[in-house]
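Below is the structure I would like to discuss, written out as structure tokens.
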Amino acid sequence: MCTLEKRGNVYILTLTGNDEHRLNPTLLDSIRSALRRLRSEPTSPSSVLITTAHGKFFSNGYDLSWARSTTSQSITSSRYMMMSSKMRGLASDLISLPMPTIAAITGHASAAGMAFALCHDYVIMRRDRGFLYMSELDIGLVVPAWFVALLECKIGNPKARRDVVLTAAKLTAEMAVEKGIVDKVGGSAEETVEAAVRLGEEMFKRKWDGQVYAKNRMVVMGKVLDELGFDGTVEEENGKGIGSKL
Amino acid sequence: MCTLEKTDDNIFVLTLTGDDEHRLNPTLIGSILSALRDAKEQATSGSVLITTSRGKFFSNGFDLAWAQAAGSKPKAVERLHHMVELLKPVVAELISLPMPTIAAINGHAAAGGLILALSHDYVYMKRDRGVLYMSEVDIGLTIPDYFNVLLRAKIGSPSARRDVLLRGAKVRGDEAVSMGIVEGAHDNEERLREATMSHGKQLASRKWDGEVYKEIRKGLYPELCVVLGLGEAEVIAKL
């Protein structure tokens, strides 16, 4: 599932196993639990969190096949609602985390997996493998409003946002740096994590107050926080699931 | 006025015909709206719209001469407001068109004409002729609210937006590319047509579901949807 270890002055959260790290309730709970443990650490000087993953995938998004592995439409629909709700909770946890965050992407990050990466303050991506991919258009799904708010926060160029969302572009590290989505490109998987650790150690030296850092980040990402309360792609205004359309 | 044709590759081509300035008066606006609705009705998976024009102009904006022909200043202002209101559903129709859209600007695009172009997902222009120009500051008009929202949604750079709106910049092809306003500038009309058609075919080959594409596009421009009265993006999922 996921592990949390300390290396020097920084923490490394790793999604373990060689699978697609699909964001199902189990993995989401596991990640959120690790983040809760982090909050009990001293916040000044704040440490730094690095999130990474083993294998070919950072995360391939929601566990759609788990959601659909039932004959009941209403169970499918409530599974989507559950994953969306937990994912939004995770986004909120990351945005309010009292320390800088770095995603060290060493494999594919698609749809909710890409959103998960973009919830971090910095994204360092492996040069030779893996892409960022907002896959929804290709699989016939609508991108949730909070994903768009996150993209608006993290990708300044409207054309880049359009390419990500309206062409379901598969972005390699080089393309992602060019579009301003990714901060740095690392070599191999190990080198990418090393680069993240170096960046983390540099930030640790600044001796920031984690609570103040978090409050500032929440202001910067205020528009994303505003959209986290409701996901129109999995539920209707009255709280019912979108069973019939799926 | 305007024509709508369909090529063999399922690409709709909307052409503003005639050698004039393609001023956006009620007649032309109505004609464009009608063509867009026809395209919408015939849309299938893999459809694409390309909008272009004949002559030296893509469109030089609202028909101010028609407004002034009303006789008095208040009546002229009324006619102008009328045209501003009439163009809004055209922009709304383009933002909610169930297929990718490309504008091939083969001449000048000013004010409402530039807005019409920027309502498309992708914009190409010529390198040798034609400028993009928000003329309002020069002729003494203020900018309608939905124009502003569209410009903010499509032009990312604050300095580019300032140059376009507050400096009345007349932006030529290469500059428009570097300002992030258009995808590309091509040497002449033929190259423009080839490039646009080629991009259109590439988009068509993805065979996206038009309804999903439309809802994702609406989700990408939420502020614009609000000002156009388009409501929330709907949920569709083909799972």
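Each value in this text was obtained by applying a stated rule to the coordinates, not by laboratory testing. Predicted, not measured: the structure shown is a model, and the values here were computed from it. Cβ: placed from backbone, ideal geometry, glycine included. Neighbour counts: every protein chain shown.
Taking the Cα centroid of the stretch A:180-207 and of the stretch B:1-75, what is the distance between the two, rounded to the nearest whole Å?
Answer, in whole Å: 51.
Between B:Asn188 and B:Met1, with labels modelled 7 Å along Cα→Cβ, what's the label distance in nm to one decimal, could you check?
Rounded to a tenth, the inter-label distance reads 3.3 nm.
Using the Cα gyration tensor of the stretch B:166-228, with a ≥ b ≥ c the square roots of its eigenvalues, what is the shape: rounded (a/c below 1.5), prolate (a/b larger than b/c) or oblate (neither)? List each step's numbers first, then the result.
On the way: a/c = 3.47, a/b = 1.18, b/c = 2.94.
Here the stretch B:166-228 falls in the oblate category.
Going out from 0 in 10 Å bins, what whole percent of all Cα-Cα distances in the stretch A:16-138 drops into each bin?
Taking all Cα pairs of the stretch A:16-138, the binned fractions are 13, 42, 32, 10, 2, 0 percent.
Over 10 Å intervals from 0, what percent of Cα-Cα pairs in the stretch B:61-155 sits in each interval?
Per 10 Å bin, starting at 0, the Cα pair percentages come out as 15, 45, 31, 9, 0.
For the stretch A:103-185, what is the largest minus smallest coordinate of the Cα atoms on each principal axis, given in angstrom and ordered from greatest to least?
29, 23, 20
Within 10 Å of each Cβ of A:136-148, how many other protein chain Cβ atoms are there on average?
6
Which aspartates and glutamates have a Cα lying under 19 Å from the Cα of A:Lys223, excluding residues fewer than 8 positions away in the same chain?
Cα-Cα hits under 19 Å: A:Asp93, A:Asp121, A:Glu152, A:Asp231, B:Glu223, B:Glu232.
Using a 7 Å offset from the Cα along the Cα-to-Cβ direction at both B:Asp9 and A:Ser40, what is the distance between the two label points in nm, to one decimal?
Here the answer is 6.1 nm between the modelled labels.
Okay, helix-only estimate at 222 nm for chain A: each DSSP H run of n ≥ 4 adds -39500 (n - 2.57), divide by all residues, round to 500 deg cm²/dmol; what do you get?
Values: 11 runs with 112 residues, N = 246.
Counting only the DSSP helices, I get -13500 deg cm²/dmol.
Using each residue's phi in the stretch A:95-100, evaluate 6.51 cos²θ - 1.76 cosθ + 1.60 at θ = phi - 60° and report the 3J(HN,Hα) Karplus result to the nearest Hz, with x for Gly and Pro.
5, 9, 5, x, 6, x
P(r) tail for the stretch A:107-246, what percent of Cα pairs lie past 21 Å?
50 percent
Continuing with the same structure: Using only the Cα atoms of the stretch A:167-246, build the gyration tensor, take square roots of its eigenvalues as a ≥ b ≥ c, and label the shape rounded, prolate or oblate: rounded if a/c is under 1.5, else prolate if a/b is larger than b/c, else oblate.
Oblate shape, in that a/c is at least 1.5 and b/c is the bigger or equal ratio.
With the crude spin-label approximation of a point 7 Å out along Cα→Cβ, what separation in nm comes out for A:Arg198 versus B:Ser198?
Simple spin-label model gives 4.0 nm for this pair.
At a Förster distance of 25 Å, what's the computed FRET efficiency of A:Lys215 paired with A:Asn157, Cβ-Cβ distance as r, to 0.05?
0.35
In angstroms, what radius of gyration and Dmax does chain A have, counting Cα atoms only?
Spelled out, the Cα radius of gyration and Dmax of chain A are 17.3, 54 Å.
Take every DSSP beta bridge whose two residues both sit in the stretch A:1-105, then give the antiparallel share in percent to the nearest 5.
40 percent
Just how large is the dipole of chain B about the Cα centre, in debye to the nearest 20, putting +1 at every Lys and Arg Cβ and -1 at every Asp and Glu Cβ?
Here chain B has a charge dipole of around 320 debye.
Calculate for chain B the 222 nm mean residue ellipticity that helices alone would give, adding -39,500 (n - 2.57) per DSSP H run of length 4 or more and normalising by residue count, nearest 500 deg cm²/dmol.
After summing the helix terms and dividing by residue count, I get -14000 deg cm²/dmol.
Kindly flag which residue pairs out of B:Lys40/B:Lys201; B:Lys126/B:Lys170; A:Lys86/A:Lys170 have an alpha-carbon separation exceeding 24 Å in this structure.
A:Lys86/A:Lys170
What does the stretch A:1-82 give for Rg and for Dmax, in Å, if only its C-alpha atoms count?
15.5, 51
Under the definition of partner shielding as Cβ atoms of other protein chains within 10 Å of a residue Cβ, what is the mean value for peptide B:204-217?
On the way: counts 0, 0, 4, 1, 6, 4, 0, 2, 8, 4, 1, 6, 10, 5.
Whole-number average of other-chain Cβ neighbours for B:204-217 is 4.
For the stretch A:164-177, take each phi angle, set θ = phi - 60°, evaluate the Karplus expression 6.51 cos²θ - 1.76 cosθ + 1.60, and give the result in whole Hz per residue in order, putting x for glycine and proline.
With the stated coefficients, the stretch A:164-177 comes to 4, 8, 8, 10, 6, 5, 9, 9, 6, 4, 4, 5, 5, 5 Hz.
Okay, next question. Dividing the alpha-carbon radius of gyration of the stretch B:13-79 by 2.2 N^0.38 Å (N being the number of residues), what value is obtained? Walk me through the intermediate numbers first.
Working: Rg = 15.0 Å, N = 67, 2.2 N^0.38 = 10.9 Å.
Dividing the Cα Rg of the stretch B:13-79 by 2.2 N^0.38 Å gives 1.38.
Largest first and in whole Å, what are the equivalent-ellipsoid semi-axes of the protein assembly as shown based on the Cα gyration tensor, each being the root of 5 times an eigenvalue?
Square roots of five times the eigenvalues give 44, 24, 21 Å.
Going by the alpha-carbon gyration tensor, a ≥ b ≥ c the square roots of its eigenvalues, is the stretch B:81-239 rounded (a/c under 1.5) or, if a/c is not under 1.5, prolate (a/b greater than b/c) versus oblate? List each step's numbers first, then the result.
Working: a/c = 2.05, a/b = 1.17, b/c = 1.75.
Note, shape of the stretch B:81-239 comes out oblate.
Arrange the peptides A:108-114, B:176-182 so that the one whose residues have, on average, the most other Cβ atoms within 10 Å appears first.
Highest mean packing first, the order is A:108-114, B:176-182.
Can you tell me the FRET efficiency between B:Asp145 and B:Thr17 if r is taken as the Cβ-Cβ distance and R0 is 25 Å, rounded to the nearest 0.05?
That gives a FRET efficiency of 0.25.
Another question, if that's okay. With θ set to phi - 60°, apply the Karplus curve 6.51 cos²θ - 1.76 cosθ + 1.60 along the stretch B:140-147 and write out the HN-Hα couplings as whole Hz, x wherever there is a Gly or Pro.
Karplus-based 3J(HN,Hα) across the stretch B:140-147 equals x, 10, 8, 9, x, 4, 6, 4 Hz.
Taking only Cα atoms of the stretch B:1-128, what ratio of Rg to Rh do you get with Rh as the Kirkwood inverse-distance radius?
Numbers: Rg = 14.7 Å, Rh = 14.8 Å.
So for the stretch B:1-128, dividing Rg by the Kirkwood Rh gives 0.99.
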